[in-house]
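Inspection log for the structure reproduced underneath, given as structure tokens.
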Amino acid sequence: MPEPIRVVVTGAAGQIAYSLLYMVAKGDVFGPNQPVILHLLDIPPMMPVLEGVVMELADCAIPLLRGVVPTADVAVAFKDVSAAFLVGAMPRKEGMERKDLLSANVKIFKEQGSALDRYAKKDVKVLVVGNPANTNALICSKYAPSIPKENFTAMTRLDQNRAQAQISSRLGVPVGEVSNVIIWGNHSSTQFPDASHALVNINGKQIAVPDAIKDDNWLRSMFVEIVQKRGATVIAARKMSSALSAAKAATDHMRDWFAGTAPGAVVSMGVISDGSYGAPKDVVFSFPVTIKDGKWRIVEGLVIDDFAKEKLALTGAELEEEKREAVAITQA
Ligand code: NAI
């Protein structure tokens, strides 16, 4: 067996981490032959709760889990890590303005970017889950200049999984038969879930999702709206935000990043934009990507119609606005 790798999860006493830690520890991300040492970061008031999480991880008796390091110190948390799940963030509280939320989170991700720069491995792969995920990832990367920009990504995999599930349910096929649904842009209500390039396997034949659904109107309206609002719908039912599905999506994202995508498979990730498909440059924008040898590449040459162009422009403009606000906060 190889040497264990160090993996940090921030927000480790929170609800997403509660599912995510188990999934990472038992090999869902790095495979059944890769031992891990988990670094758990949370804020000082959460240390007693974190102690309970550490006890439960021990009680799971997972052979691949070779160590657990609970801490409130970023220097300890990020030391020599190969992978970082940045889940911890300031939640939106009642009466809080969007700007206040952004301001609190910019500070967190500035500090964590600097700490990654100083203490993590230079090839660390960073997945930002904490919201606003795209802009947090951008800020984190700006404060970690010694780590390549390509190593900072934001999670839109939950949106992709939600979109895939909606199509499977509409067509009455198992979810695994649907592939290549794309999420463009920001992980927010302006995201554009796009099924126009998606595929479905029906009776052993792969066909385009729009040809199988035969209802462009549904794909452009209801489908988009259901996926955009799914997070709010889960909160309304559960009184808490999506956690199990968010953890599963985080493992899907990181596993594909480390292991690569299958031939022909396309996944969506928030990555630093090079301006492809008319997206603004230098924001973290969700694109369709393929992954090989630990490196993602934006899929080129997809045909984008006027409807999609409009949606991409809208979500791109929101990301530029978030970036302007975030940069102003860091310079204040
Ligand atoms: P939670 O509130 O249960 O847990 C968050 C944890 O982060 C808490 O334990 C808190 O103490 C900790 N934390 C706060 N500041 C920290 C800091 N500076 N360093 C380390 N830890 C810190 O929240 P939950 O449900 O686990 O969600 C976490 C984040 O993920 C939220 O921002 C949420 O909006 C976001 N999210 C993103 C999704 C996506 O698809 N990108 C999907 C679902 C949630």
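Figures for the structure shown
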| item | result |
| --- | --- |
| Filtered residues of region 240-267 (kept if away from the ligand (no atom under 12 Å from the Cβ), assigned to a loop (DSSP other than H, G, I, E, B) and surrounded by fewer than 19 Cβ atoms within 10 Å (Cβ to Cβ)) | GLY260, THR261, ALA262, PRO263, GLY264, ALA265 |
| Some residue of region 109-122 being away from the ligand (no atom under 11 Å from the Cβ), in contact (Cβ under 8 Å) with a residue 24 or more places away in the chain and within 19 Å of the chain's Cα centre (by Cα) | yes |
| Among the candidates SER188, SER196, SER179, residue that is within 12 Å of the ligand (Cβ to nearest atom) and buried (at least 16 other Cβ atoms within 10 Å of the Cβ) | SER188 |
| In region 281-290, residue nearest to the chain's Cα centre (by Cα) [restricted to those that are assigned to a strand (DSSP E or B) and surrounded by 20 or more Cβ atoms within 10 Å (Cβ to Cβ)] | SER286 |
| Residue match in region 267-275 (condition: under 22 Å from ASN201 (Cβ atoms) and acidic (Asp, Glu)) | no |
| Top-ranked residue of region 20-53 - restricted to ones that are among the small types (Gly, Ala, Ser) and surrounded by 17 or more Cβ atoms within 10 Å (Cβ to Cβ), ranked as nearest to ASP80 (Cα to Cα) | ALA25 |
| Residues of region 5-17 satisfying the condition of being crowded, with 17+ Cβ neighbours inside 10 Å and not β-branched (Val, Ile, Thr) | ARG6, GLY11, ALA12, ALA13, GLY14, ALA17 |
| Of the criteria (1) within 26 Å of ILE235 (Cα to Cα); (2) in contact (Cβ under 8 Å) with a residue 12 or more places away in the chain, which one ILE37 fails | (1) |
| Members of region 145-176 found to be within 16 Å of the ligand (Cβ to nearest atom), in a loop (DSSP other than H, G, I, E, B) and under 27 Å from ARG118 (Cα atoms), listed by number | MET155 |
| Single condition ALA84 does not satisfy, out of (1) within 14 Å of the ligand (Cβ to nearest atom); (2) modelled with pLDDT of 95 or more; (3) farther than 14 Å from GLY11 by Cβ; (4) of a type outside the set (Lys, Arg) | (3) |
| Count - residues of region 205-246 that are more than 26 Å from LYS309 (Cα to Cα) and touching a residue at least 40 places away in the same chain (Cβ under 8 Å) | 7 |
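The values are calculated or read from the model by the stated rules, or taken from the named source; none is laboratory data. The structure presented is a predicted model; accordingly, all values stated were derived computationally and were not measured. Every residue, glycine as well, gets a Cβ built from its backbone with ideal geometry; the counts of neighbours run over all protein chains shown.
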